[in-house]
Amino acid sequence: MLFKGMLVVWFIFTSSVGFAKDWQIQMLNYGSGTEGMTFEPAFIHAQLGDSITFVPSHSGHNVQSYVVPEGESQWKSALDQTYTIQVNQEGVHLYYCPPHLMMGMVGVIQVGDAINLDALQQKAPRLRSKVALKPERMDALLEQIVTQ
Ligand SMILES: [Cu+2]
């Protein structure tokens with residue numbers, strides 16, 4: 001009887017949580033590759049309801065959205081603070097670290113399908129124009145967006 005009850009509890013727990021994933025993105029002065037000032041991972045493909053936490057593993061960083069999916073609010077963290085967003089709209093988030101935008105500290109979160117590609121393609125060049133060092137890093141991130 002006790003075992004059966006535990007199964008019911010397990011079922012309710014897993015179905016209500018719905019396997020939403022908690023992602024972690026490190027904010028780093030140097031990544032695992034050769035790049036300095038980077039989010040790691042800088043591209044993630046999340047699903048609706050997932051949480052994404054930015055971790056200030058190195059100091060001097062924060063994170064701010066530049067493009068968000070339609071219906072989603074713009075978001076911004078405080079310097080050197082852990083910051084979590086939950087993604088509840090489909091589309092692509094393009095974000096950056098304000099102190100290091102010039103050095104190409106930019107990231108992309110795709111949520112489900114990339115249904116806001118038009119808005120993204122319209123706005124991304126303005127952000128890219130502020131990247132002085134290796135803007136092709138940002139291009140490579142945008143190329144990872146999965147389209148149908
Ligand atoms: Cu930074």
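The values are calculated or read from the model by the stated rules, or taken from the named source; none is laboratory data. Given the structure is predicted, the values throughout are model-derived calculations rather than measurements. For the accessible areas, the whole protein counts, side chains as well, though only heavy atoms, and no ligand, DNA or RNA atoms are used. Shrake-Rupley method; radii C 1.70, N 1.55, O 1.52, S 1.80 Å.
Under the shape rule built on the C-alpha gyration tensor, where the axes satisfy a ≥ b ≥ c, the stretch 90-148 is prolate, since a/c reaches at least 1.5 and a/b is greater than b/c.
Rolling a 1.4 angstrom probe over the stretch 59-129 with all protein chains present gives an accessible area of which 45% lies on carbon and sulfur atoms. Where only DSSP H runs of four or more residues are counted, the chain gives -7500 deg cm²/dmol as its mean residue ellipticity at 222 nm, each run worth -39500 (n - 2.57).
Accessible surface area normalised per residue over the stretch 20-142 is 48 Å², counting heavy atoms of protein chains with a 1.4 Å rolling probe. One chain, two ends: Ala119 and Glu136. Fully extended at 0.36 nm per residue, the span grows by 4.1 nm beyond their Cα-Cα distance.
Counting only DSSP beta bridges with both residues in the chain, the antiparallel share comes to about 65 percent. Maximal additional length on extending the Gln148-Leu79 stretch stands at 21.2 nm, based on 0.36 nm per residue less the C-alpha distance. Shape class of the stretch 16-148 from the Cα gyration tensor (axes a ≥ b ≥ c, square roots of the eigenvalues): oblate, since a/c reaches 1.5 or more and a/b does not exceed b/c.
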